[in-house]
Structures are given as structure tokens and as C-alpha cells.
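Heads up: the structure comes next, in C-alpha cells.
The values are calculated or read from the model by the stated rules, or taken from the named source; none is laboratory data. Quick caveat: nothing in here was measured; it's all calculated off a predicted structure. Backbone-built Cβ (ideal geometry, glycine too); neighbour counts: all protein chains shown. We work out accessible area using only protein heavy atoms, side chains counted, and drop any ligands, DNA or RNA first. Shrake-Rupley method; radii C 1.70, N 1.55, O 1.52, S 1.80 Å.
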Amino acid sequence: MRELLPQAEKIGALLKARKETISIAESSAGGLVSAALLAVPGASVYYVGGAVNYTRPVLLHLSGMREEELAGMRGATEAFALLAARSVRQRYRTHWGLGEGGAAGPTGNRYGDPAGHACLAVAGPVERATTLRTGSADRVANMYAFAGAALKLLYEALEGKA
């Protein structure tokens, strides 16, 4: 967890300075993105809420999405992560939303993606999405890699970088 804190602290400082808020919809990172952001003193100023949407029924329930919105959409894609980021942002009425999903391991997911595959997205005044492939089957290492990549993507979006 400590390796995620420096990035989370920079994000928290930016959000606090701008008086902006964030909500999180994560899956394969298992709550590590939220935990890192919440570990920063003063997180209640910018962190509104989030959920670990590990199954489709929970995703639908907690995000407020409808099954029709997911029709024909495969999980663990950039499009899916962006939909999750947009949905959590809208549902929690925040300035920013972050969505993440993938396959932590040690095996791949039901869509055929290998362990170490994750898609991450940020929705807000700017939108970004990316795919990470660690090439590793180490579940815990992948969860931390996914969380680190999500925080990096969020920071870049906050800074207006590509």
C-alpha cells in the first residue's frame, strides 16, 4: 500500500486545491485505488465514494447502470472501463470518475484476457483510457500494478496530459 501513497498524495493535493471530487468503480484492483486515496489526510474533502464491482450483478446495482447499457459490451475493455468511470461519476455526482476492470490472476478472465490484463479509464473534464498488460500471473502484484496504473492515469488526466 505504501508504494501507492506518493501518487495518491499528489492526486489528493490537486483535488483539494481545485475543490473537486472523485468516485471510483474498481474491480480487479480490489479496492486498492480507493484505499490509497483514502489514506491521504483530508480525503473526505475530495473522495465521495466508490465500490468494488467484482461481478456483473453488483456492477449493475451499485453503478445504477442498466443491463441494456452493457448489451454487446465485453468487460475488461477500455470502452467498458470508460462506461464504468462515466457511470460512477454520474451516480455519485462527482467531478471525476475512475473505472477499472481486468484479470488479476492467477488465470485469465471469462473473456479470454490473460492474467495481468486490466483496462483503466478516467471520466471528467477530460477523458482517458488505457490498457495494462503486466505479463504476470501474480495476483497480488497485478492488483498493485492495476491500482498504480489507475492512479497514474488519474494524475495525468488531472494535469491535462495525454
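Structure above, values below:
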{"read-out": "Condition met for residue 76 (open to solvent by less than 60 Å² (accessible area, probe 1.4 Å), of a type outside the set (Ser, Thr, Tyr), in contact with a His (Cβ under 7 Å, 6 or more places away or on another chain) and modelled with pLDDT under 95)", "value": "yes"}
{"read-out": "Which listed residue, of 15, 37, is buried (at least 21 other Cβ atoms within 10 Å of the Cβ), touching a helix residue (DSSP H, G or I) at 6+ places or on another chain (Cβ under 6 Å), modelled with pLDDT of 95 or more and closer than 22 Å to residue 148 by Cβ", "value": "37"}
{"read-out": "Total residues in region 86-123, condition among the β-branched types (Val, Ile, Thr) and either more than 13 Å from the chain's Cα centre (by Cα) or open to solvent by 20 Å² or more (accessible area, probe 1.4 Å) (or both)", "value": "2"}
{"read-out": "All strands (runs of 3 or more DSSP E) inside region 84-143 with 3 or more residues being in contact (Cβ under 8 Å) with a residue 24 or more places away in the chain and of a type outside the set (A, V, I, L, M)", "value": "96-103, 128-133"}
